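Contents: one structure, followed by commentary.
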Amino acid sequence: MRGEAKMKLLDWFDGYLYKPVKREKLANLLSGTGKNKEHTLESGGEKIDVSPKSTPQNAREENQKIAAGIKILVAEDHTVNRKLIQSFLRSFGADVYLAEDGEQAVKTIKEHGDIALIFMDIFMPKKSGVEATEEIRKDGYNGIIIACTANNDANDFADYMKIGINDILVKPFKKTAIRSIIEKWNAVMQIPTATKISTLEVLPEQKKTDFSNSWDLDDFLETVDGDKAFGKSLVVDFVRQTEKLLKEIDTNLENSLDAGQIHKLAHTIKGSAAAVSAHEIFKFAKELDDKARICTGLQETAQLNSAPLREKFIEFKKIAAKIIKDW
C-alpha cells in the first residue's frame, strides 16, 4: 500500500485497477483516459473489446456536422418527397430553403445567392428543373446542382451535364444517399469557382424495382432511417395527397378529358409512391402516366382507366393503417 501511495504522489499512472479484474471497471477506466490507444484486454488468449461505445447522442451530433452552416435549396413539387429530403438535410445541420416549382427555385436563388447546393427535381410545373437550371446558370449561379429524377438513363445524364448540372440523385430518396451527396461535394462547395469544372458522373444502371409487395416496409424504414414517428407522418401525408389527386383524375375523366393534366397528376402519385416504397401504387400510377402522356385526342383519353390505381391505393391504405397504428 505504501508503494501505491508513492506512485499516486508521483503521478506516474492515469488510474489503478485492483485484482481480480472486473470487465466493467476496466471499461470505465479505459474510457476515462485519452492515453489508451488499444482498448482491448487479452485474457487466456481471448481479446475482449472494452472500447467506449458510441451513443445515439454522439451519432446525432456527428450527423449535425455533415452539412452544418450549408445553405441548401430543395426544389421539389411532391409534398412527401419535399418533406422527406428536408428532414434529412435538417438532421445533417443544413439551412434548408424550399421551392414547389421551377419558378420558385429561380426566385429563391435570386434572393439567396449564397445557397451552396440545390436538389433540383427535373419534372416540375411552371418551369421544369432543366429550365430552372438553364436560367440560374445564365444568371451566374456557381453552386452545386443535383438533378433529382426517377430516370437513370445515361443519355439524360449527359444532357444534364451540358446545361450545368453537377450530379444526380435517383429517386426514391434514401438518407444514406443524401449524406453521400453532401460529403462528396462538401470540399467543392468551399471553393465556389470549382463548381464550374465539376461535372456529373454517369451512374451505372440500377436494378429494377421489385413490385411483388404492396408495401415494402423494410425499404421504407430504411428510407426514414428507422424513425417510425416521422415515417407515420409521411404515410399520412401520402394518403391524403393521393386521395386528392385520384379524385382530380376521376373528375377529369368524367368531364374535361385533359390527358396532359392526367399525366401530371399520375406522375405526382408515382413520385410520392416511390418515396414511401408503395411499389404497386407506383407501378399502376406509372402505367396511367405513360398512357396519358401519349394520348392524342379525346377518344384516346376517354379510354384511360384509373380503377386499377385506385384499387391498389385502397389496398395500401388498409395495410398501412394496421402497421402504423402503434408507431
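The values are calculated or read from the model by the stated rules, or taken from the named source; none is laboratory data. A quick note: this is a predicted structure, and the numbers were derived from the prediction, not measured. When we count neighbours, we look across all protein chains shown, and the Cβ atoms used for this are built from the backbone with ideal geometry, even at glycine. Side chains are part of the model used for accessible areas, which takes the heavy atoms of the whole protein and leaves out ligands, DNA and RNA. Shrake-Rupley method; radii C 1.70, N 1.55, O 1.52, S 1.80 Å.
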- [ ] At most 14 other Cβ atoms within 10 Å and a DSSP loop assignment: could you name the trypsin sites (Lys or Arg not before Pro) in the range 116-153 that fit?
- [x] K126
Open item on the list: Once R0 is set to 30 Å, what does the formula 1/(1 + (r/R0)^6) return for the Cβ-Cβ distance between N305 and W327, expressed as a FRET efficiency to the nearest 0.05?
Closed with: 0.30
Open item on the list: Between K110 and R293, how high is the FRET efficiency from 1/(1 + (r/R0)^6) when r is the Cβ-Cβ distance and R₀ = 35 Å? Nearest 0.05.
Closed with: 0.65
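How much FRET efficiency would the formula 1/(1 + (r/R0)^6) give for R90 and A158, where r is the Cβ-Cβ distance and R0 is 22 Å, rounded to 0.05?
Values: r = 33 Å, r/R0 = 1.50.
The calculated FRET efficiency here is 0.10.
How would you order 85-94, 116-125 from highest to lowest mean count of nearby Cβ atoms within 10 Å? Numbers along the way, then the final one.
Working: 85-94: 20.6, 116-125: 24.0.
Peptide ranking by packing, descending: 116-125, 85-94.
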Open item on the list: Accessible area of the range 211-281 with a 1.4 Å probe: how many percent of it is carbon plus sulfur?
Closed with: 47
